[in-house]
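Data first, discussion second: the structure below is written as structure tokens.
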Amino acid sequence: MTSGHFEPEFQSPITGDMERQRLVVRAQVQGTRIAAIWQVLLPFSRHVEHVDIKTFPERGFEEVEIALVQARRELLDAILARFNSMSWVMSTRIY
């Protein structure tokens, strides 16, 4: 498997300060690495409002949805880059 990729068709414009954004990280069923997610989020924890993990076994993937508040573009770019560098990540998207 190659490293994760960003799903641009789901991207909303990211400019300046954002009140609320949702970042979704998708992996194969039983492929999500919870410890790795927390390692990525720890430096940005003051921006994390909520984390929701969903499993869709019939579709073959699971998602971690991370609600972020007041996250600047640079912060979102850093988080996306960290997740997309991980081999277990299938895709990421922001909305």
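Values in this text are rule-based calculations from the coordinates and carry no lab data. Just so you know, these numbers come straight off a predicted model, no measurement behind them. Note that each Cβ is placed from the backbone with ideal geometry, even for glycine, and that neighbours are counted across all protein chains shown.
The figures follow:
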quantity: Whole-Hz ³J(HN,Hα) from phi, Karplus 6.51 cos²θ - 1.76 cosθ + 1.60, for the stretch 80-95, glycine and proline x; calculated: 4, 4, 4, 5, 5, 7, 8, 5, 7, 7, 7, 6, 9, 7, 10, 8
quantity: Computed label-point distance, nm, for sites Arg22 and Ala35 using a 7 Å Cα→Cβ extension; calculated: 3.0
quantity: Gain in span if fully extended, Glu65 to Tyr95, counting 0.36 nm per residue against the direct Cα distance; calculated: 9.8 nm
quantity: Cα-based shape type of the stretch 21-95, given that a ≥ b ≥ c are square roots of the gyration tensor eigenvalues and the cut on a/c is 1.5; calculated: prolate
quantity: Amide H partners (placed H, <5 Å) of Ser91, local residues excluded; calculated: His5, Arg26
quantity: Long-range HN-HN contacts of Glu49 with modeled amide H, under 5 Å; calculated: Ala67, Leu68, Val69
